[in-house]
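To keep things clear, I will list the structure first and then write my remarks on it.
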Amino acid sequence: MTVDIRAAPLDVAGVRLEPLDEAHREGLRAAGTDPTIWAHMPLAAIGPAFDMWFDWSLSVARTGAEAVWAVRTLGDGRLVGSTRYLAIVAEHRRVEIGYTWYTPSVWAGAVNPACKFALLHYAFEDLALNRVELKTDIRNLRSQGAMAKMGAIREGVFRAHMIRPDGTLRDSVYFAITRDDWPRVHDGLMARLAPHL
């Protein structure tokens with residue numbers, strides 16, 4: 001039996017994940033203006049490219065091909081980024097968390113662990129998934145460090161996996177969390193978020 005994998009509102013530690021909607025366009029545009037956000041992304045969604053990214057994101061969310069969220073900090077009500085489930089394989093109860101970006105002012109704080117906890121809790125507890133994957137550019141050491149710190153297991157490198165916007169070949173590093181890993185990852189993330197709960 002397959003599962004219907006859709007975005008739902010998720011709140012953890014002062015962070016709310018809201019299913020992407022047209023009303024998020026301008027807030028996310030403002031959040032995404034720093035070019036460093038997009039250094040390791042397939043598309044730098046700045047200037048005119050932002051609307052192309054947003055329209056595409058809204059389209060895949062509406063069709064159910066991906067589950068896309070806007071990320072809001074509840075203390076100030078600001079939109080600070082976006083994340084999603086992609087590579088959804090419902091019949092095998094598997095998704096990837098990816099295309100995640102945040103405005104730099106929230107980097108290295110509670111926003112990313114709160115989002116990951118919310119998405120993983122939803123995946124394993126509500127949707128009863130078996131596996132959640134994450135991947136990043138082999139050059140993106142900050143992202144790899146965050147995945148490892150979260151407790152995801154590094155599984156390997158897909159060589160020449162993608163073409164970067166500058167035309168160079170990207171190797172992608174894959175991490176994953178399985179249902180068996182979830183209790184350990186859950187406890188680690190809860191310990192990190194405890195001061196914010």
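What the table below lists for this structure:
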| read-out | value |
| --- | --- |
| Unit charges on C-beta of K, R, D, E only; dipole of segment 1-62, Debye | 100 debye |
| Directionally averaged shadow of segment 1-133, computed from the convex hull of its alpha-carbon atoms, nm² | 7.6 nm² |
| Amide H partners (placed H, <5 Å) of Leu20, local residues excluded | Val68, Trp69, Ala70 |
| Footprinting exposure proxy for Lys135, Lys116, Lys149 (fewest neighbouring C-beta atoms within 10 Å first) | Lys149, Lys135, Lys116 |
| Among Leu28, Leu134, Leu74: highest mean-square fluctuation, GNM of the chain, C-alpha pairs under 10 Å | Leu74 |
| Ranking of Thr83, Thr178, Thr63 by count of other Cβ atoms within 10 Å, fewest first | Thr63, Thr178, Thr83 |
| Rounded Å value of the spacing that divides the Cα centres of segment 153-189 and segment 96-121 | 15 Å |
| Fewest-first ranking of His92, His121, using other Cβ atoms within 10 Å as the exposure measure | His92, His121 |
| Cα Rg over Rh - segment 52-197, Kirkwood | 0.95 |
| Dipole magnitude (debye, nearest 20) for the chain, charges at Cβ of Lys, Arg, Asp, Glu | 480 debye |
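Rule-based calculations on the coordinates, nothing more; no lab input. As the structure is a computational prediction, the values presented were derived from the model and not from experiment. All Cβ positions, even for glycine, are placed from backbone atoms using ideal geometry, and neighbour counts span all protein chains on display.
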